[in-house]
């Protein structure tokens, strides 16, 4: 998925959800971009920026973001 346009918050969250996995720590999840294809890495990085910016701007809380990503 390569894109030159900006991602919406919903698109960024949907994209990142594909890379959520359980970590070595019991019952803990994280986003693992090493699972993405090389050509998808720029989009993944852009998606991370979009989601972090939304939290910083107060569009949603950290907890809301974690819930939407499936990290809760």
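Tabulated results
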item	result
Where N is the number of residues in the chain, Cα Rg divided by 2.2 N^0.38 Å	1.09
Paramagnetic label zone (point 7 Å from Cα along Cα-to-C-beta, residue 26; backbone N under 19 Å) in the stretch 52-72	72
Per-residue [θ]222 nm for the chain (sum of -39500 (n - 2.57) over DSSP H runs n ≥ 4, rounded to 500)	-14000 deg cm²/dmol
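Read-outs: derived from the displayed coordinates by stated rules, not from any lab. None of these values were measured; they are calculated from a predicted model. So basically every Cβ, Gly included, is an ideal-geometry build from the backbone, and we count neighbours across all protein chains shown.
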